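Okay, so here's the structure we're looking at.
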Ligand SMILES: [Mg+2]
């Protein structure tokens, strides 16, 4: 079997969107002076879709969501020629070939997203040509079903957050992630607002559910140091990405500071990037995304690393490529789960592009033992609402 063609396309949403509320989530741009509320322009409304075709007509499907137009250019210009003509079963060689050939200018960020999308498509091919789901090629089923946590609860007015939490608690979820709306720029008033929001959500979900707190890199070390002790009483399962991904020293310090585990890795790349976080004890939960970290080939190695370090790995964002890895390793106790809803920030866009994404039932996800590959196909229903490039 040989890879014959690679097609990278960008799907850009042009349909209706729901404008998120101001301060729906703190973020790294909050540290900068700006005339605008930074989150007003914070959207992921396009997606990279990669199809890898073999000489016997199998098409593997991969995707990535970081800077899709740039990722497409990297695939077209650099990666496709490295992969075409090779056997998809040589996935380790191909993973190394893409990583090493781009090493001088790649290594992290959008290049790794592009590599990841191709690698995911290769694994989809391997599943399809063996008539096995991808998780069966990675070690098989380690769970009867995958527990998942509800991930949205953007900062809005507190009553709306409580209503949302109640709605999904009633649907059977027992774990929730909420977003902080405020950071250092909002001074003590923002601290009070942040604490109030955690209290409000805890009031609804109680203390028998897990609560995760998301900062999305919107804080700095000093701010995090001051607020973390005040959050302890709410017993968060973890506090996510308090500071920018490169400030590993700050992660190390915060992870030691209180009983609250610090999580991260959503913006880290490659085996060595994650190893550094583990070696330094910078995070107590690793949250790579398969479509950023290097694809399934790298994520599978990271899972083994996390198992050896006894650090749980709970990939970012849900999505099939992550679910297959979570199903096949004991190091991964649960999945993140973005609910499907009207297009807003863009986290939900994959539901509009792909058919086959599982829907949570009573807070659990199931993967089918008999569906070959990743179990995804392109959806036609919303296609008229996208501009497709490539
Ligand atoms: Mg996150």
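A few notes on this one:
- Some residue of region 191-210 being crowded, with 21+ Cβ neighbours inside 10 Å and not in a helix (DSSP H, G or I): no
- Residue tally, condition out of contact with any helix residue (DSSP H, G or I) (no Cβ under 6 Å at 6 or more places or on another chain), part of a loop (DSSP other than H, G, I, E, B) and within 15 Å of residue 9 (Cβ to Cβ), over region 46-84: 1
- Yes/no for residue 172 being in a loop (DSSP other than H, G, I, E, B), modelled with pLDDT of 95 or more and surrounded by fewer than 16 Cβ atoms within 10 Å (Cβ to Cβ): yes
- Of the residues making up region 313-338, those that are within 15 Å of the ligand (Cβ to nearest atom) and either modelled with pLDDT under 95 or in contact with a helix residue (DSSP H, G or I) (Cβ under 9 Å, 6 or more places away or on another chain) (or both) number 12.
- Here residue 364 meets each of (1) within 21 Å of residue 122 (Cβ to Cβ); (2) surrounded by 15 or more Cβ atoms within 10 Å (Cβ to Cβ); (3) in contact with a strand residue (DSSP E or B) (Cβ under 7 Å, 6 or more places away or on another chain) with one exception, condition (1).
The values are calculated or read from the model by the stated rules, or taken from the named source; none is laboratory data. Bear in mind the structure is a predicted one, so any value in this text is a computation, not a measurement. Note that we place each Cβ from the backbone using ideal geometry, even for glycine, and neighbour counts take in every protein chain shown.
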